[in-house]
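Engineer: I'd like to ask some things about the structure below.
What follows draws every value from the coordinates through simple rules; no lab data is involved. A quick note: this is a predicted structure, and the numbers were derived from the prediction, not measured. Neighbour counts are summed over all protein chains in view; Cβ atoms, including those assigned to glycine, are modelled from backbone coordinates with ideal geometry.
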């Protein structure tokens, strides 16, 4: 069965259970945080060791071909474990708001990360859906952890809309299975290719199934018109969980889409170009609506929520590129992977600053950030760097991420889509730089410093270094992204 290939996932599950058990016996809750981080570091180390020994062209399969072990899944295991570590570090001060439930808090983060890792590795519709639900149920609970009115309302809205999206996704999967008679992604691809173009045109159930799957997955990545849950959930959830949702859920969702659409619906070209055009249209609406609605926001968490909708639009430019690319091209996948890594460090860095400031001033209003440049210049500088990166300005990583993504789209003659994306980047500069202006040129009524412990500082330093290094020397990560994308290059 090659269980050694499943060690990262087993480690995540064991550490989650261990954290819950330790919570019964230890009074120093920092121990739970330390155990969680050690477990995640083991996952990263083992995944890196597997990467070195992995043949890019010949992926391994386990559990009767339900899960694939390849560089693509390993890339996301490392990325998601890294996200979990940064979120746990950033939660060190914030977790005092739910002291009695810290064991459950860290365990749920680990279990949701486990579900997302399985989403990236799943090679069967059944395993894809089960892993999606494992991640989603954990996130529904985490959103409600503050147990106040806003948090409870956000969790309920997320649960209800998430259940509808899961039902739509499952119905789409059922239609695909009904037409092809297969649940294995590679077998679905073989069945579709055997149908030929005429068979596809005469199989509306299959095409409807694909559209329904796009709708269900659109909810997970916060794409328009399936984004209605984002602002309220982002505002009501604990801020570290908002940060976690904004990057981890999006990364897992795009891993899910890349795996299923390229593996199952990548051929014939007629089919891939049509779903590529669907993603292009969704990208346009997501970018415009996300950026325009973010402009009047006065709450920074809601603003970053609409920002994440726009960022999903930029990422869907990569999905459109993938749909129009010739078979064997890996530019679409690799640029999406690089963009996801860049967005991860950038958005987490921004939210870590928001966590630190909100803990002190008990407010998420942008106007209350006035004078932060004087009160806490290092935090203000870090947030400025991250906001510049979200715009896509050099020398931050966001510039290189958009450069790679848009260059790949231009190569597939999607110049019109790139022009729209660039226009939206200019629009986004207004509300990002407004926060910068308030911090550095606004006047604060108080001069108190913003205290924080070592753990959030470490997380912030790591994210800011990531933003700078990926912007200045992006080559190493891009090579890793290309290796991860090779699995779809055959």
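Engineer: Roughly what angle does helix 377-391 make with the longest principal axis of the chain, taking Cα atoms, 0 to 90 degrees, to the nearest 10?
Structural biologist: In the chain, helix 377-391 runs at an angle near 20 degrees to the longest axis.
Engineer: Starting from the alpha-carbon convex hull of the stretch 66-163, give the projected area averaged over all orientations, in nm². Walk me through the numbers before you get to the answer.
Structural biologist: Numbers: hull surface 26.3 nm².
The number I arrive at for the stretch 66-163 is 6.6 nm².
Engineer: Related question: How many angstrom separate the Cα center of the stretch 328-402 from the Cα center of the stretch 407-468?
Structural biologist: Comparing the Cα centres of the stretch 328-402 and the stretch 407-468, I get a distance of 4 Å.
Engineer: Which whole-number percent of Cα pairs in the stretch 266-490 have a distance greater than 21 Å?
Structural biologist: Details: 14005 of 25200 pairs.
Cα-Cα pairs in the stretch 266-490 separated by more than 21 Å: 56 percent.
Engineer: Can you give me the angle between helix 102-121 and the longest principal axis of the chain, using Cα atoms only, in degrees from 0 to 90, rounded to the nearest 10?
Structural biologist: With rounding to tens, the tilt is 30 degrees.
Engineer: A further question follows. How long are the three semi-axes of the equivalent ellipsoid for the stretch 325-422, computed from the Cα gyration tensor as the root of 5 times each eigenvalue, in whole Å, largest first? Could you put the intermediate results ahead of the total?
Structural biologist: Working: eigenvalues 240, 32, 22 Å².
Ellipsoid half-lengths, sorted descending, are 35, 13, 10 Å.
Engineer: In addition: Kindly state, to the nearest 0.05, the FRET efficiency for residue 228 paired with residue 137, given R0 = 25 Å and r defined as their beta-carbon distance. Let's see the in-between values first.
Structural biologist: Working: r = 20 Å, r/R0 = 0.81.
Here the calculated transfer efficiency is 0.80.
Engineer: Enter the angle in degrees (range 0 to 90, nearest 10) between the Cα long axis of helix 300-324 and the first principal axis of the Cα atoms of the chain, meaning the one along which they spread out most.
Structural biologist: 20 degrees
Engineer: Let me ask another. How would 75, 98 line up from fewest to most surrounding beta-carbon atoms within 10 angstrom? It would help to have the intermediate numbers written out before the result.
Structural biologist: Working: 75 25, 98 15.
Least to most surrounded, the residues fall as 98, 75.
Engineer: Return, ordered by residue number, the residues of the stretch 80-101 whose backbone nitrogen is under 19 Å from a label point located 7 Å along Cα→Cβ of residue 26.
Structural biologist: 84-101
Engineer: Nearest 0.05, what FRET efficiency do residue 171 and residue 269 give at R0 = 41 Å with Cβ-Cβ as r?
Structural biologist: Numbers: r = 27 Å, r/R0 = 0.65.
So the FRET efficiency works out to roughly 0.95.
Engineer: Please state, to two decimals, what the Cα-based radius of gyration of the stretch 19-132 comes to when divided by 2.2 N^0.38 Å (N = residues). Mind dumping the intermediate values first?
Structural biologist: Numbers: Rg = 15.9 Å, N = 114, 2.2 N^0.38 = 13.3 Å.
Relative to the rule-of-thumb radius for its length, the stretch 19-132 sits at 1.20.
Engineer: Run lengths n ≥ 4 of DSSP H only: what is the helix-derived mean residue ellipticity at 222 nm for the chain, with -39500 (n - 2.57) per run over all residues, to the nearest 500? If you can, show how the numbers build up before the last one.
Structural biologist: Working: 20 runs with 370 residues, N = 490.
Mean residue ellipticity at 222 nm (helix-derived): -25500 deg cm²/dmol.
Engineer: Go through (1) 23.8; (2) 22.5; (3) 27.0 and flag the label whose value is the computed Kirkwood radius over Cα pairs in Å for this structure.
Structural biologist: Answer by label: (2).
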